[in-house]
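> The structure is given below, and queries will be raised subsequently.
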Amino acid sequence: MTSRKLIFLADDDLDDCVLFQDALMEISTESVLTTANDGIELIRLLEMVPERNPDVIFLDLNMPKRNGFECLQQIKNSQCWRDIPVVIFSTTGQQEMIHKVYETGANYFIRKPGSFPKLKQAIQEVLSIDWKTYRWQPLSIGM
C-alpha cells in the first residue's frame, strides 16, 4: 500500500487554494492535489478519473455554479463516489450548518484556520484518519 494520496480541493478562493497546496507540500510531498474552482468543475474532475477515486475531498460550502451542499449531495448519492471521504472546509462556524453538513453525508468538518500552522495541523489530522474505521463526531477543529 502506498502513502501517496490523491486529494481533491474544491474552493473558489484562489488564495485559499495556494495556501492549502503550500501546507500540503510541507506535510506530504507524496500527495497529489487537484483543485476545482467551483462545484461543476469538481464533478467534472471526478468523472474524468474513473480508474481511481480521490482518497479525500476537501469541499468549501460557498462556491459559484454549484455550492458545496449540492456537490456533497451528488457525491453521497452516487454509487461510484459515495464512499469517498468528504471533508467540509469552510469559514462558517454556525452549529446548525455544521450539523446540516453531517446530516447530508459529510465525513468531517474543518473551519478554515486563521493561520498557516493551524492549516497544516488540520490537513495533517485529516490525512492521518483511517476512513475505514472512522466514525464521524460533530466537532470542528481549526477555529
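Each reported figure results from applying straightforward, stated rules to the coordinates on display, with no laboratory input. Treat the numbers as computed from the prediction; the structure is a model and nothing was measured. Please note: Cβ atoms are built from the backbone with ideal geometry, for glycine as well, and neighbour counts cover all protein chains shown.
> If I take every Cα pair under 8 Å that is 6 or more residues apart in the chain, average their sequence separation and divide by the length, what percent do I get for the relative contact order? Mind dumping the intermediate values first?
Working: 222 pairs, mean separation 30.6, N = 143.
Dividing the mean separation by the residue count of the chain yields 21 percent.
> Which ³J(HN,Hα) values, rounded to whole Hz and listed in residue order, are derived for the range 114-119 from phi using the Karplus coefficients 6.51, -1.76 and 1.60 in 6.51 cos²θ - 1.76 cosθ + 1.60 with θ = phi - 60°, glycine and proline given as x?
x, 9, 5, x, 5, 5
> Still on this structure, I have one more. Taking +1 at the Cβ of each Lys and Arg and -1 at the Cβ of each Asp and Glu, which of 21, 89, 49 sits farthest along the dipole of the range 1-104 towards its positive end, judged by Cα position relative to the Cα centre?
Going by the Cα projections, it comes out as 49.
> Using amide H atoms built 1.01 Å from N in the peptide plane, name the residues 5+ places from residue 36, or on other chains, whose amide H lies under 5 Å from its own.
So residue 36 has HN proximity to 9, 10, 11.
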